[in-house]
Amino acid sequence: MSISLLQWQPRKPLILLALLIVAAIAGIILSKLLHRETIPLAAGEATVFNRSSSAYEQPAVGLTKEEMERHRKGDLAFDAVFVTAPAEVNPGLGPFFNNASCGGCHLRDGRGLAEKGQLLVRVSSNNVQTFKSPADPSKFHSEGLVEIENTPPVPGLGNQIQDSSIFGQIPEAKVSIQWQETEGKYSDGNSYKLRSPKANI
């Protein structure tokens, strides 16, 4: 059986069109693979793509066996409940504190919330200096009791209120939170409400 040239001609444009479509799709895929945009990741290579409530409990990707063991030990220490001395296990709580364990405030290894049992209130003196130059990173510290220029400590309290104490001691302060709402409108006319905490010390 033979196909005449006249029968073949009408199919030729369809075949060319199909080849062009395939080539265009291949070009798009190849372009995406070669020119992938790099989106900055919060933890770089160690970023965990878990959007569940246990996202912060996940170990970083690619840990060695030794690193995974350190992670497990860190988890145990994070959830350890401390008690007053003298005690054989986990002594050293107090005289003032916010919670008896790290995990007591940071549920599922996440951030603490503005509610009783997880509340952390930072304070500073009104005697704040003004700076004409950009902030020096060496002046910022994570430790709440370190004296730093941008948050001078409150005499007798430091930079963090400890609202709990061991038996026989009075806590530094009692803190309660009241929520206040601010209403406003976007430029397109839609309204919104923002909620912010007000600490009563």
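The values are calculated or read from the model by the stated rules, or taken from the named source; none is laboratory data. Values in this document were obtained by computation on a predicted structure and should not be read as measured data. Quick reminder, even Gly has a Cβ in these numbers, built from the backbone with ideal geometry, and neighbours come from all protein chains shown.
Would you mind finding the one in Leu119, Leu63, Leu93, Leu113 that is surrounded by 12 or more Cβ atoms within 10 Å (Cβ to Cβ) and touching a His at 6+ places or on another chain (Cβ under 7 Å)?
Details: Leu119 fails: touching a His at 6+ places or on another chain (Cβ under 7 Å); Leu93 fails: touching a His at 6+ places or on another chain (Cβ under 7 Å); Leu113 fails: touching a His at 6+ places or on another chain (Cβ under 7 Å).
Answer to the selection: Leu63.
Every residue, every condition in (1) in contact with a helix residue (DSSP H, G or I) (Cβ under 8 Å, 6 or more places away or on another chain); (2) aromatic (Phe, Trp, Tyr), yes or no:
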| residue | (1), (2) |
| --- | --- |
| Ile39 | no, no |
| Glu45 | no, no |
| Arg51 | no, no |
| Tyr56 | yes, yes |
| Val61 | yes, no |
| Glu66 | no, no |
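Condition test on Ser133, is it over 21 Å from Tyr56 (Cα atoms), modelled with pLDDT under 80, not hydrophobic (A, V, I, L, M, F, W, C) and not in a loop (DSSP other than H, G, I, E, B)? Give the derivation first.
Details: over 21 Å from Tyr56 (Cα atoms): yes; modelled with pLDDT under 80: yes; not hydrophobic (A, V, I, L, M, F, W, C): yes; not in a loop (DSSP other than H, G, I, E, B): no.
Considered against the rule, which asks whether it is over 21 Å from Tyr56 (Cα atoms), modelled with pLDDT under 80, not hydrophobic (A, V, I, L, M, F, W, C) and not in a loop (DSSP other than H, G, I, E, B), Ser133 comes out as no.
Would you mind stating whether Gly94 is touching a strand residue (DSSP E or B) at 6+ places or on another chain (Cβ under 8 Å), at pLDDT below 95 and either not hydrophobic (A, V, I, L, M, F, W, C) or not in a loop (DSSP other than H, G, I, E, B) (or both)?
Values: touching a strand residue (DSSP E or B) at 6+ places or on another chain (Cβ under 8 Å): yes; at pLDDT below 95: yes; either not hydrophobic (A, V, I, L, M, F, W, C) or not in a loop (DSSP other than H, G, I, E, B) (or both): yes.
Judged against the criteria, Gly94 is a match.
Under the condition of being assigned to a loop (DSSP other than H, G, I, E, B) and charged (D, E, K, R), which residue from region 97-116 is modelled with the lowest pLDDT?
So in region 97-116, the residues assigned to a loop (DSSP other than H, G, I, E, B) come out as 98-101, 106, 110-116.
Cutting the leftovers down to charged (D, E, K, R) gives us 111, 115-116.
On the way: Arg111: 84, Glu115: 77, Lys116: 74.
Of everything passing the filter in region 97-116, Lys116 is modelled with the lowest pLDDT.
Does region 160-182 contain any residue that is modelled with pLDDT under 85, out of contact with any strand residue (DSSP E or B) (no Cβ under 6 Å at 6 or more places or on another chain) and either buried (at least 16 other Cβ atoms within 10 Å of the Cβ) or not in a loop (DSSP other than H, G, I, E, B) (or both)?
Filtering region 160-182 down to residues modelled with pLDDT under 85 leaves none.
No, region 160-182 contains no residue that is modelled with pLDDT under 85, out of contact with any strand residue (DSSP E or B) (no Cβ under 6 Å at 6 or more places or on another chain) and either buried (at least 16 other Cβ atoms within 10 Å of the Cβ) or not in a loop (DSSP other than H, G, I, E, B) (or both).
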